[in-house]
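Participant: Submitted below is the structure of interest, expressed as structure tokens.
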Amino acid sequence: MDALSPDPIAARLAALEQRLAGMERVLREIRQLVGPFAVPMGPDALLVQTIHGVKYMVPTHDMVMTPQLVVYRQWEAQLSALLPRLCPQGGVFVDVGANFGYFTCLLAARMGRSGGGRIIAIEPNPELLDLLRTNIGINWSGAPVRVEPVAVAETPGEMMLTIPDGRFANGTLAPLEAEGRELRAHRVSVTRLDDLLRQEPRIDLIKIDVEGFEPAVLRGGAETLARDGLKLVLEWSVPQLREAGFDPMETPRLLEAAGYRLFDAEAGTDPASGKPLTAADFTARSYCNLLAVR
């Protein structure tokens, strides 16, 4: 190569560096657009639109999910990216602990109404059911959603659902002590996961977030767990599990006994490509969102 001739590799690298610099600038500008956004819709609700294009009515006085949705315009960013990838077009997603419908409406929007997919949203909290149904309605172009206004546990019947003031996302079947906080309680119907889903011919993905009662859901779901191709994403919180009266290791034991491998659901874009979690991994942490796959 002539000493005065330009190095084509160096020229290409310089061009790539310029493109990356431009992309970084655009990304910074886009990030500036993401920020506080909420419109009051009466004294008890705000209307927000997430960066995923999904609209939600959220409780004004909630101190858990509402601040995140107003400021960052999404909830649990990694799960928001993962769950739609786990449930295919035409699939069936079961949202156990649907709350006001964040993941229900997100996956319904991703599936769309023409793809044949369906959502089953399970939520016992009467203070959230109206918002859940409203959010399904305002995101009308998404896949159809069936609402089940019940709690899910090991034994059917009735239980008390307790909700700490200002923490709608933390409603639990565990008996809570007041400890200086205001609590509200509602008697709710309880069913087993197997009884609720037995007539469903297809289930692709189940998300479970029930504030420490995940083992009770799994105990009542042995038939469901045996379905081919099923994936689960569920919260594993040692403090919540213990407060609810469960051994935290019961969740991984039940899933592993059913033939599932467990991964950190927030470990990269493809968590199941990594190494499954071991007993030592669980000992070293107190909280994790789990991905369970066969």
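Participant: Kindly check whether there is at least one residue in the range 64-74 that is exposed (fewer than 15 other Cβ atoms within 10 Å of the Cβ), of a type in the set (S, T, N, Q), outside any helix (DSSP H, G or I) and without any contact (Cβ under 8 Å) to a residue 60 or more places away in the chain.
Facilitator: No, the range 64-74 contains no residue that is exposed (fewer than 15 other Cβ atoms within 10 Å of the Cβ), of a type in the set (S, T, N, Q), outside any helix (DSSP H, G or I) and without any contact (Cβ under 8 Å) to a residue 60 or more places away in the chain.
Participant: Which residues, taken from the range 1-48, are polar (S, T, N, Q) and at pLDDT 80 or above?
Facilitator: 18
Participant: If you don't mind, another one. Go through 84, 124, 88 for me and flag whichever is in contact (Cβ under 8 Å) with a residue 24 or more places away in the chain, surrounded by fewer than 21 Cβ atoms within 10 Å (Cβ to Cβ) and under 24 Å from residue 194 (Cβ atoms).
Facilitator: Among 84, 124, 88, only 88 is in contact (Cβ under 8 Å) with a residue 24 or more places away in the chain, surrounded by fewer than 21 Cβ atoms within 10 Å (Cβ to Cβ) and under 24 Å from residue 194 (Cβ atoms).
Participant: Still on this structure, I have one more. Select, from 210, 293, 238, the only residue that is under 23 Å from residue 156 (Cα atoms) and either hydrophobic (A, V, I, L, M, F, W, C) or in contact with a helix residue (DSSP H, G or I) (Cβ under 8 Å, 6 or more places away or on another chain) (or both).
Facilitator: The match here is 210.
Participant: Out of contact with any Lys or Arg (no Cβ under 8 Å at 6 or more places or on another chain) and more than 27 Å from residue 150 (Cβ to Cβ): does that describe residue 251?
Facilitator: Spelling it out, it is not the case that residue 251 is out of contact with any Lys or Arg (no Cβ under 8 Å at 6 or more places or on another chain) and more than 27 Å from residue 150 (Cβ to Cβ).
Participant: Any idea which residue in the range 251-276 is surrounded by the most Cβ atoms within 10 Å (Cβ to Cβ), counting only those that are of a type in the set (A, V, I, L, M) and more than 20 Å from the chain's Cα centre (by Cα)?
Facilitator: Only one residue tops the list, namely 254.
Here is a yes/no grid of residues against (1) of a type in the set (A, V, I, L, M, F, W, C); (2) within 23 Å of residue 120 (Cβ to Cβ):
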| site | (1), (2) |
| --- | --- |
| 183 | yes, no |
| 186 | no, yes |
| 237 | no, no |
| 245 | no, no |
| 251 | no, yes |
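Participant: Just to be sure I understand the filter: pairs with C-beta atoms under 8 Å, separated by 6 or more residues or on different chains, first member in the range 213-239 and on the phi > 0 side of the Ramachandran plot, second member at pLDDT 95 or above and surrounded by fewer than 20 Cβ atoms within 10 Å (Cβ to Cβ). Which pairs pass?
Facilitator: So the pair list comes out as 229/204.
Participant: Quick check on my filter: what residues within the range 191-207 are more than 18 Å from the chain's Cα centre (by Cα) and in contact (Cβ under 8 Å) with a residue 40 or more places away in the chain?
Facilitator: Filtering the range 191-207 down to residues more than 18 Å from the chain's Cα centre (by Cα) leaves 191-192, 194-202.
Passing the criteria: 191, 192, 196, 197, 200, 202.
Participant: If only one of 98, 11 is in contact with a Ser or Thr (Cβ under 8 Å, 6 or more places away or on another chain), on the phi < 0 side of the Ramachandran plot and of a type in the set (Gly, Ala, Ser), which one is it?
Facilitator: That would be 98, the only listed residue that is in contact with a Ser or Thr (Cβ under 8 Å, 6 or more places away or on another chain), on the phi < 0 side of the Ramachandran plot and of a type in the set (Gly, Ala, Ser).
Participant: If I ask for residues that are assigned to a loop (DSSP other than H, G, I, E, B), in contact (Cβ under 8 Å) with a residue 60 or more places away in the chain and in contact with a helix residue (DSSP H, G or I) (Cβ under 7 Å, 6 or more places away or on another chain), which ones from the range 92-101 would you list?
Facilitator: Selection gives 99, 100.
Participant: Regarding residue 104, is this residue touching a Pro at 6+ places or on another chain (Cβ under 9 Å), within 26 Å of residue 162 (Cβ to Cβ), among the β-branched types (Val, Ile, Thr) and not in a strand (DSSP E or B)? Full working, then the answer.
Facilitator: Values: touching a Pro at 6+ places or on another chain (Cβ under 9 Å): no; within 26 Å of residue 162 (Cβ to Cβ): yes; among the β-branched types (Val, Ile, Thr): yes; not in a strand (DSSP E or B): yes.
It is false that residue 104 is touching a Pro at 6+ places or on another chain (Cβ under 9 Å), within 26 Å of residue 162 (Cβ to Cβ), among the β-branched types (Val, Ile, Thr) and not in a strand (DSSP E or B).
Participant: For the condition modelled with pLDDT of 95 or more, touching a Pro at 6+ places or on another chain (Cβ under 6 Å) and within 27 Å of residue 155 (Cβ to Cβ), what is the one hit in 200, 250?
Facilitator: Step by step, each of 200, 250 is checked, and only 250 is modelled with pLDDT of 95 or more, touching a Pro at 6+ places or on another chain (Cβ under 6 Å) and within 27 Å of residue 155 (Cβ to Cβ).
The values are calculated or read from the model by the stated rules, or taken from the named source; none is laboratory data. In this text, all values refer to a predicted model and were calculated from it rather than measured experimentally. Here Cβ is always computed from backbone atoms with ideal geometry, including for glycine, and neighbour counts include all displayed protein chains.
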